[in-house]
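Scroll down for the structure; my scribbles are underneath it.
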Amino acid sequence: MPLRLYNTMSSQVEDFHPLHANEVRMYACGPTVYDYGHIGNFRTFVAVDLLQRFLRQSGYKVRYVMNITDVDDKIIRNAAQAGVSVQQYTAKYVQAFLEDSALISIEPPHFVRATEHIPQMADFVARLVEKKIAYRADDGSYYFRISEFPGYGKLSKKDFSGILDGARVDVDEYDKDSARDFALWKAPKPGEASWQTPIGSGRPGWHLECSVMSMEELGESFDLHAGGEDLIFPHHENEIAQSESLTGKTFARFWFHARFLLVEGEKMSKSLGNYYTLRDLVLKGYKPSSIRYLLTSVPYRKQLNFTFDGLKQAAVSVERLRNFRQRLRSGGFPGGSNPELQALAAETLSRMQAALDDDLNTAQAQAAIFDMVRKVNSALDAHAVNTGDTAPLLAALDRFDEVFAVINDDDSAKMKTISQWALSDGREKEISAELRDQIQADQISNAAIESKIAEMEAARKARNFAVSDALRAELVGAGVIIENTKDGVRWRRK
Ligand code: AMP
Ligand code: ZN
């Protein structure tokens, strides 16, 4: 079964095949770097990361490009208010975005920056003018004449038959129902940042940036273009209009849009007090792996309602996976293999593949791995696991983690980095007691836990209870839960 993906253009789930044999070329609209990224942004970015990871797992080579919008109306306004240049203003947020992406285990795409492609953008406008699709207004701005592109509205399925020819809009984001000639290039207003180019001085419009950079990196036609659902109109509609009227070719073949995330049932907004950056959550003591797990727990086209209960639940799920892997790795199983477990590992692999092939049904893939965990835990309790079973079961876990990226544990190092950032950024007050506890608890490595447990057991056998009790207390203090079972000591982290 090939991968099937929903295509916003056809409003259908379609078989996905790339244009070039085994290589997928995809583009995601990246962040506008005027602030720290919030969890809504990362819902979309993690969804696209999961897609590209799954494509690679399925055997494709993936060329994945993401732009960084480092010039737009808001950036220019904020930079001017702060009295710094556009570059100075955005540098901090570009850096923060790269760090946050790593924090949430996003594999870095090939990043491209708007401000590094200004000459190509001016040239693109000049070619549209030559074709009489774009025109210059008296102030030196350039507009795209949408009446020249009959397909306008085909992505958003809006009917623009009654549009006013020549009515214009010069802001990047505008009323969802108004179709107007949109700005390709904006002449500078007094005091605003601008670039000197053959079409005059000014700056590119946001829509133009993505058309130019995606085609430069991936060709005039490429496989997939992604973003959050709010970008369908006007941003993606305008990208299509600009690109296709210039090339006469299909711009992107698949349009992938992630549904907007809600927080505690409401649209996230600063005024409602339910607005969270990734860093806010880590400062509250939540692990990056829990956040990533929660963001992927609902398929990308379904509404994800972010709640703190859900986040705590996600932490429990990740911990179960980690403890399960720990149990399998701890060894000491009898030789041979159990055919039922061998079959279970194979079935889990194919259930995960089928779920993700089905328009990235992440919830079903997670259900498959947890069915395996439950069954194998029972088998472990019943001493029905043999040495030969651990490799295929661990391989199924690894395959899951290639895409979901939550089991490998580097939370504590990441949390330490965020706490250091908070200290250096004057946000010491925002570091919660929970975050301090987590960092404290994770000071101790797995290897150190194992060796202390071995010491504790040796002391106990030698009836040196004062020493064994002290070691136990030390481990408990570091957040390790120790259980004595008839098979010996088992441990996990709190
Ligand atoms: P921006 O930095 O505002 O350009 O947004 C970056 C990406 O995040 C875009 O793909 C947006 O569609 C996406 N996005 C913004 N808010 C949300 C949200 N609440 N849920 C999901 N995606 C979002
Ligand atoms: Zn874009």
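If you go through the stretch 69-122 and keep only what is of a type in the set (Phe, Trp, Tyr) and either in contact with a His (Cβ under 9 Å, 6 or more places away or on another chain) or within 16 Å of ligand 2 (Cβ to nearest atom) (or both), you end up with Phe97, Phe111. Selection of the stretch 128-160 for residues being on the phi > 0 side of the Ramachandran plot and surrounded by fewer than 17 Cβ atoms within 10 Å (Cβ to Cβ) yields Lys132, Gly140, Lys157.
Close Cβ contacts (under 7 Å, 6 or more residues apart or on different chains) running from residues in the stretch 35-47 that are assigned to a helix (DSSP H, G or I) to residues that are more than 8 Å from ligand 1 (Cβ to nearest atom) and of a type in the set (D, E, K, R) comprise Val46/Arg292. When residues in the stretch 228-287 are screened for being outside the structural domain of Thr8 (by TED's automatic domain parsing), among the aliphatic types (A, V, I, L, M), more than 18 Å from the chain's Cα centre (by Cα) and modelled with pLDDT of 95 or more, 1 of them pass.
Conditions (1) touching a strand residue (DSSP E or B) at 6+ places or on another chain (Cβ under 8 Å); (2) within 23 Å of Pro2 (Cα to Cα); (3) within 16 Å of ligand 2 (Cβ to nearest atom), marked per residue:
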site: Leu328; (1), (2), (3): no, no, no
site: Ala354; (1), (2), (3): no, yes, no
site: Asp358; (1), (2), (3): yes, yes, no
site: Asn361; (1), (2), (3): no, yes, no
site: Ser378; (1), (2), (3): no, no, no
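Of all the criteria given as (1) crowded, with 20+ Cβ neighbours inside 10 Å; (2) at pLDDT 95 or above, the one not satisfied by Ser11 is (1). Considering only residues in the stretch 22-47 that are away from ligand 1 (no atom under 16 Å from the Cβ) and closer than 19 Å to Lys249 by Cα, the one that is surrounded by the most Cβ atoms within 10 Å (Cβ to Cβ) turns out to be Val24.
Looking across the stretch 219-239, the residues that are surrounded by fewer than 23 Cβ atoms within 10 Å (Cβ to Cβ) and away from ligand 1 (no atom under 11 Å from the Cβ) come down to Gly219, Glu220, Ser221, Phe233.
Within the stretch 66-88, residues that are in the same structural domain as Arg113 (by TED's automatic domain parsing) sit with their Cβ atoms under 7 Å from residues that are assigned to a loop (DSSP other than H, G, I, E, B) and exposed (fewer than 12 other Cβ atoms within 10 Å of the Cβ), at 6+ positions apart or across chains, in these pairs: Ala80/Gly191. Tell me the residue from Ile453, Ile431, Ile439, Ile444 that is in contact (Cβ under 8 Å) with a residue 40 or more places away in the chain and crowded, with 18+ Cβ neighbours inside 10 Å, please. Of Ile453, Ile431, Ile439, Ile444, the one residue that is in contact (Cβ under 8 Å) with a residue 40 or more places away in the chain and crowded, with 18+ Cβ neighbours inside 10 Å is Ile431. Among residues of the stretch 108-127 that are crowded, with 20+ Cβ neighbours inside 10 Å, those with a Cβ under 7 angstrom from a residue that is assigned to a loop (DSSP other than H, G, I, E, B), sequence gap 6+ or separate chain, pair up as Ala114/Asp70; Ala114/Val71; Ala122/Pro198; Ala122/Ile199; Val125/Ile199. Can you pull out the residues in the stretch 48-68 that are within 15 Å of ligand 1 (Cβ to nearest atom) and among the hydroxyl-bearing types (Ser, Thr, Tyr)? If the condition is that a residue be within 15 Å of ligand 1 (Cβ to nearest atom) and among the hydroxyl-bearing types (Ser, Thr, Tyr), then Tyr64 is the only one that fits.
Trp255 fails exactly one of the following numbered conditions: (1) within 16 Å of ligand 2 (Cβ to nearest atom); (2) closer than 20 Å to Val403 by Cβ. What is the number of that condition? Just one mismatch for Trp255, condition (2).
The single residue among Val62, Val84, Val71 that is in contact with a helix residue (DSSP H, G or I) (Cβ under 6 Å, 6 or more places away or on another chain) and in a loop (DSSP other than H, G, I, E, B) turns out to be Val71.
Are there helices (runs of 4 or more DSSP H) fully within the stretch 417-494 with at least 3 residues that are among the small types (Gly, Ala, Ser), assigned by TED's automatic domain parsing to the domain that holds Glu99 and more than 28 Å from the chain's Cα centre (by Cα)? List them. Output list is empty. Of all residue pairs spaced 6 or more apart or on separate chains, none has beta-carbon atoms under 7 Å together with a first member in the stretch 373-394 that is more than 12 Å from Phe324 (Cβ to Cβ) and a second member that is of a type in the set (Lys, Arg) and surrounded by fewer than 16 Cβ atoms within 10 Å (Cβ to Cβ). More than 30 Å from Gly219 (Cα to Cα), within 16 Å of ligand 1 (Cβ to nearest atom) and surrounded by 19 or more Cβ atoms within 10 Å (Cβ to Cβ): is that true of Arg325 in this structure? Here the answer is no, as Arg325 does not meet what is asked. Out of Trp195, Trp206, one residue alone is surrounded by fewer than 22 Cβ atoms within 10 Å (Cβ to Cβ) and modelled with pLDDT of 70 or more. It is Trp195. Within the stretch 279-320, restricting attention to residues that are part of a helix (DSSP H, G or I) and of a type in the set (Lys, Arg), the residue that is surrounded by the most Cβ atoms within 10 Å (Cβ to Cβ) is Arg292.
Looking at the structure I just gave you, is Val94 out of contact with any Leu (no Cβ under 7 Å at 6 or more places or on another chain) and within 16 Å of Thr32 (Cβ to Cβ)? Yes; evaluated as a whole, the condition is true for this residue.
The values are calculated or read from the model by the stated rules, or taken from the named source; none is laboratory data. Predicted, not measured: the structure shown is a model, and the values here were computed from it. As a convention, Cβ positions derive from the backbone with ideal geometry for all residues, glycine included, and neighbour counts pool all protein chains shown.
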